[in-house]
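Undergrad: Can you read through this structure? Questions will come right after.
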Amino acid sequence: MDRNTKPYFNHIILGDEENSDDLIQLIAPDHEEEAKKEPFPEEIPILPIKNTVLFPGVVMPITVSRQKSIRLVKKVYKGDKLLGVLAQHNTNEEPGPDDIYKVGTVAKIIKMLVLPDGNTTIIIQGRKRFEIESYLQEEPFITAKIKLLSEKFPSKAEKEVKALVRSMKDAASKILKLNPEIPQEAQVAIDNIDSPSFLTHFLSSNLNAEVAEKQKLLEINDGMQRATVLLEHLMKEIQMLELKVEIQKKVHIDIDQQQRDYYLRQQIKVLQDELGYEGPDKEVETLRAKGAKKKWPKNIAAHFNKELDKVMRMNPQAPEYPITLNYVELMVDLPWNENTEDNFDLKRAQKILDQDHSGMEKVKNRIIEYLAVLKLKKDLKGPILCLYGPPGVGKTSLGRSIAKALGRKYVRMSLGGVHDEAEIRGHRKTYIGAMPGKLIQNIKKSGASNPVFILDEIDKLSSDFRGDPASAMLEVLDPEQNNAFVDNYLEVEYDLSKVMFIATCNSLDTIHPALRDRMEIIELTGYTLEEKVEIATKHLVPKQRKEHGLNAKQFAIDKKALIKIVQGYTRESGVRSLERKIGSVVRHVAKSIAMEQEHVAKVTEEEVVRILGSEPFDNEIYENAETAGVVTGLAWTPVGGDILFIESSLSRGKGKLTLSGQLGDVMKESAITALSYLRSNAESLDIDYRVFDAYDLHVHVPAGAVPKDGPSAGITMLTSLASIYTQRKVKSKLAMTGEITLRGKVLPVGGIKEKILAAKRAGIKEIIMCSKNRKDVEEINESYIKDLQIHYVDRVEEVLAIALLKQKVKKPMSFILDMPNSSPALIQ
């Protein structure tokens with residue numbers, strides 16, 4: 001390969017300083033006169049060169065690297081030093097006759113230098129143009145028979161020639177001024193050239209044009225024509241340079257502070273690269289590489305790359321830069337279609353649920369059904385499960401067990417007190433401090449697009465002027481919509497259909513009706529005494545022992561002691577208070593061990609009382625009533641079931657009804673309904689109708705500071721009033737629940753399991769309830785109700801027949817009314 005350098009025009013700067021003066025002198029003599037006297041051979045070796053054209057009179061350095069060319073140069077340099085130089089019209093590394101032009105220049109080697117790398121540099125001067133007549137050989141180098149071409153240029157004295165020469169010099173001078181890259185020494189060289197022919201050759205050699213254009217100039221025999229064509233090229237070059245200068249001036253004027261900052265940042269980038277610092281561009285490229293590995297839809301990928309391109313065009317100091325960068329980081333961090341593999345071993349899932357949770361058979365069966373459908377269908381678009389029940393029964397931990405059984409990621413989002421819609425849907429990016437909603441944040445944190453997502457305390461959602469988050473949850477929990485959930489910050493659709501949402505709540509009344517319609521309610525009732533003891537033995541005691549740094553040998557607790565804690569120190573449906581009481585006992589033992597005091601390794605009932613103090617709750621809450629009008633009712637509370645007493649008394653008056661004990665509207669209406677039923681059926685119940693107008697009735701529910709309400713005290717109210725008016729006592733250890741109508745029909749009520757468990761804790765032996773509640777009782781484990789006798793009724797007459805004893809406390813009401821000056825104290 002011949003790596004040809006630029007002509008002598010630039011070699012004054014680029015060349016060797018030691019040889020520069022000699023080279024300048026070489027162009028001073030009139031080579032045309034010498035060329036006429038110098039003999040040239042008819043056969044001459046040919047040296048192909050590329051990327052340039054040699055003109056007569058021009059001195060040019062050429063680096064020769066091809067072996068064929070090196071042999072040619074060495075042989076010529078030892079002889080007459082003449083060779084033919086032809087330009088290549090292609091870049092072939094081994095040029096042949098078909099790869100070079102026909103017209104070239106005979107050149108003389110002035111000097112030859114052998115470089116350390118094996119290449120050879122020769123300095124040649126063009127002498128005379130020639131044309132190839134025929135090729136004689138190609139090996140070991142090309143040799144050809146040539147015909148010299150004569151120059152046809154008018155006399156120097158002609159005005160036309162002088163004008164043309166002056167025009168070419170002026171054009172060349174103007175180019176030198178417009179192009180600062182050309183060395184100023186070239187102006188001196190141009191001024192010292194008098195020959196029109198050599199001036200044309202010199203300027204043609206240094207013309208900023210393609211090899212083909214220069215070759216055309218070389219092939220023109222008429223000097224005036226060649227000079228005219230050259231002048232046209234020079235004028236075009238002047239116009240291009242002037243336009244370039246004009247554009248540069250405009251650009252220089254238009255450059256503002258931001259553009260200057262850009263150039264400075266580019267320089268900083270180079271320095272940062274040297275220091276190994278990853279600047280914004282590297283950060284963007286890192287994000288782009290991460291995005292290329294994501295399994296997201298094509299439209300999401302296109303949106304992501306568009307946002308990255310926007311970041312590349314931004315000034316890092318601009319306020320929008322960190323916002324957009326955070327946005328693309330969120331996109332690339334979200335798990336798009338990145339799912340964990342589900343474990344559909346349902347027997348294993350059943351085992352995990354049984355290990356983690358005692359009881360709750362109905363709930364666990366429903367969850368296994370849910371997982372079974374998911375296993376068969378692979379894409380479950382069913383109702384969202386909502387675990388409904390009192391605090392502490394294990395709703396949230398049940399969701400964790402489901403995630404463990406399936407092998408999915410577990411995410412919990414507390415909705416208690418959430419009142420801003422943006423916490424669900426996110427903020428728009430235009431806001432300061434904008435961020436995605438908690439749904440997207442938690443899914444990003446989980447690292448999977450199909451986690452088990454617990455929406456805790458969904459009934460505690462509230463709304464204010466910032467929006468209604470419950471309405472925002474409608475799209476999230478709708479299986480037909482959540483496959484295209486749009487977060488305000490994310491702005492693109494995200495598929496939530498693979499997420500297993502499980503909501504928890506303590507009350508259904510405060511849940512948005514449309515939101516409740518999207519969920520399947522699974523009720524978790526309270527635990528029985530046996531279940532609480534089992535949970536404490538299997539889970540709570542080992543957990544507290546571990547948290548307090550004890551082992552099984554250092555701490556154990558007797559079963560009777562656990563029963564004592566459950567009955568005497570807790571009053572709840574769940575086991576949260578039970579765990580705290582067990583923790584208190586464990587801490588007491590841990591303190592004794594740490595202080596090296598005497599302690600009992602196995603805690604008994606007596607130790608529990610000593611450690612926890614006196615019992616805040618009585619074991620036996622039920623009290624036998626010796627007077628008429630006292631009835632035990634069953635009530636549901638947010639922490640489980642409870643029993644309550646309804647007391648009635650009569651006093652001389654005008655038939656006034658008084659209700660006390662913080663009763664709600666429903667219970668007041670139940671009392672009025674019961675009294676109306678007794679008035680209309682007084683004769684059949686053996687009640688003198690005059691009693692209702694002659695005596696005032698007072699109905700009281702003890703614990704007056706506690707608000708009480710609910711549609712379950714109807715038959716209890718009726719039994720209490722019937723007892724006081726008939727003076728017949730209520731059967732011992734009997735409780736009841738149910739609502740009534742004016743026609744005497746008994747209606748079913750809810751919370752049956754909690755009420756039955758409360759009755760059993762209180763020592764109740766018999767329960768009266770509506771026959772339609774039989775299905776609720778059948779769902780309760782038989783072992784929990786084996787000691788209870790349940791009476792199913794449809795009419796209030798059946799209730800009174802079971803509840804009221806036949807013997808009367810005092811004389812009949814009619815006898816008392818007929819007595820003169822009878823004392824009201826007789827009827828209490």
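Undergrad: In nm, to one decimal, how far is the modelled label at Ala703 from the one at Gln481, with both set 7 Å along Cα→Cβ?
TA: A separation of 4.1 nm, rounded to one decimal place.
Undergrad: Right, next: Taking every Cα atom in the range 634-769, find the radius of gyration and the maximum pairwise distance Dmax, and write them in Å.
TA: 14.6, 44
Undergrad: Just to be sure I understand the model, the point goes 7 Å from the Cα along the line to the Cβ. What's the resulting Arg774 to Asp558 distance in nm?
TA: 4.4 nm
Undergrad: Further question on the same structure: How big is the gap, in Å, between the Cα center of the range 546-619 and the Cα center of the range 433-452?
TA: 41 Å
Undergrad: Can you check what the net charge comes to around Gly633, using other residues whose Cβ is under 12 Å from the Cβ of Gly633 (Lys, Arg +1; Asp, Glu -1)?
TA: Local net charge: -1.
Undergrad: In the range 536-612, what trypsin sites (Lys or Arg not before Pro) fall in a loop by DSSP, with at most 12 other Cβ atoms inside 10 Å? Spell out each step's value before the answer.
TA: Numbers: sites: Lys538, Lys543, Arg545, Lys546, Lys553, Lys559, Lys560, Lys564, Arg571, Arg576, Arg580, Lys581, Arg587, Lys591, Lys602, Arg610; in loops: Lys553, Arg571.
Taking the range 536-612 and a limit of 12 other Cβ atoms within 10 Å, the loop trypsin sites (Lys or Arg not before Pro) found are Lys553.
Undergrad: On a full-extension model of 0.36 nm per residue, what is the gain between Asn551 and Asp345, subtracting their alpha-carbon distance, rounded to one decimal in nm?
TA: 70.8 nm
Undergrad: If you filter the range 638-689 for chymotrypsin sites (Phe, Trp or Tyr not before Pro), then keep DSSP loop positions with at most 14 other Cβ within 10 Å, what is left? Spell out each step's value before the answer.
TA: Details: sites: Phe645, Tyr677, Tyr689; in loops: Tyr689.
Qualifying residues, ordered by number: Tyr689.
Undergrad: Given the -39500 (n - 2.57) contribution per DSSP H run of 4+ residues, what per-residue ellipticity at 222 nm results for the chain, rounded to the nearest 500 deg cm²/dmol?
TA: One gets -13000 deg cm²/dmol as the mean residue ellipticity at 222 nm.
Undergrad: Here's something else I'd like to know. Which lysines have a Cα less than 16 Å from the Cα of Lys404, not counting those fewer than 8 places away in the same chain?
TA: Result set, ordered by chain and number: Lys347, Lys351, Lys364, Lys375, Lys395.
Undergrad: While we're looking at this one, here's another question. Taking the Cα centroid of the range 734-750 and of the range 345-381, what is the distance between the two, rounded to the nearest whole Å?
TA: Using only Cα atoms to place each centre, the spacing works out to 37 Å.
Undergrad: Contour minus end-to-end for Ile672 and Arg166, with contour as 0.36 nm per residue of separation and end-to-end as the Cα-Cα distance? Show your work: numbers first, answer last.
TA: On the way: separation 506, 0.36 × 506 = 182.16 nm, distance 12.71 nm.
Extra length available between Ile672 and Arg166 comes to 169.4 nm.
Undergrad: Another question about this same structure. Could you check the simple spin-label distance between Glu534 and Leu275, using points 7 Å along Cα→Cβ, in nm with one decimal?
TA: Going from the Glu534 label point to the Leu275 one covers 6.8 nm.
Undergrad: Order these peptides, 312-324, 690-702, by their mean beta-carbon neighbour count within 10 angstrom, highest first.
TA: 690-702, 312-324
Undergrad: What's the center-to-center distance, using Cα atoms, between the range 642-711 and the range 134-212 in Å?
TA: Result: 128 Å between the Cα centres.
Undergrad: Say R0 is 51 Å: what FRET efficiency, to the nearest 0.05, do His419 and Asp309 get from their beta-carbon distance?
TA: That pair, His419 with Asp309, gives E of 0.85.
Undergrad: Here is a follow-up. Taking 60 Å as R0, compute the FRET efficiency from the Cβ-Cβ separation of Asp98 and Asn192 and round it to 0.05. Please report the intermediate quantities before stating the final value.
TA: Working: r = 40 Å, r/R0 = 0.67.
My answer for the efficiency is 0.90.
Undergrad: What translational diffusion coefficient, to the nearest whole µm²/s, does the range 177-253 have by Stokes-Einstein, given a Kirkwood radius computed over alpha-carbon pairs, a temperature of 37 °C and 0.692 mPa s viscosity? Could the numbers behind the result be given before it?
TA: Values: Rh = 13.9 Å.
Translational D for this selection: 237 µm²/s.
Undergrad: Then there's this: Test of the criteria: in the range 530-626, which GluC sites (Glu not before Pro) are in a DSSP loop and have at most 14 other Cβ atoms within 10 angstrom of their Cβ?
TA: Loop-located and lightly packed - Glu596, Glu598, Glu620, Glu623, Glu626.
Undergrad: Considering the chain, what Rg and Dmax in Å follow from its alpha-carbon atoms?
TA: 53.1, 174
Undergrad: My understanding is that a pair violates if its Cα-Cα distance is over 29 Å; which of Lys538/Lys760; Lys362/Lys668; Lys581/Lys772; Lys216/Lys244; Lys244/Lys310; Lys409/Lys591 do that in this structure?
TA: Over 29 Å Cα-Cα: Lys362/Lys668; Lys581/Lys772; Lys244/Lys310; Lys409/Lys591.
Undergrad: Using the Cα atoms as the points, what is the convex hull volume per residue of the range 355-415 in Å³? Don't skip to the end; give the middle numbers.
TA: Working: hull volume 6.7 nm³, N = 61.
That works out to 109 Å³ per residue.
Undergrad: Sticking with this structure for a sec: About the Cα centre of the range 461-588, what is the dipole size in debye to 20, counting +1 per Lys and Arg Cβ and -1 per Asp and Glu Cβ, all else neutral?
TA: The calculation lands at about 1660 debye.
Undergrad: What FRET efficiency do you get for Gln355 and Glu797 if R0 is 56 Å and r is their Cβ-Cβ distance, rounded to the nearest 0.05?
TA: The calculated FRET efficiency here is 0.65.
Undergrad: Using Cα-Cα distances under 8 Å and only pairs 6 or more residues apart, what relative contact order does the chain have, in percent?
TA: Once normalised by length, the contact order is 7 percent.
Values in this text are rule-based calculations from the coordinates and carry no lab data. Just so you know, these numbers come straight off a predicted model, no measurement behind them. Cβ coordinates were reconstructed from backbone atoms using ideal geometry, including for glycine residues, and neighbour counts include every protein chain displayed.
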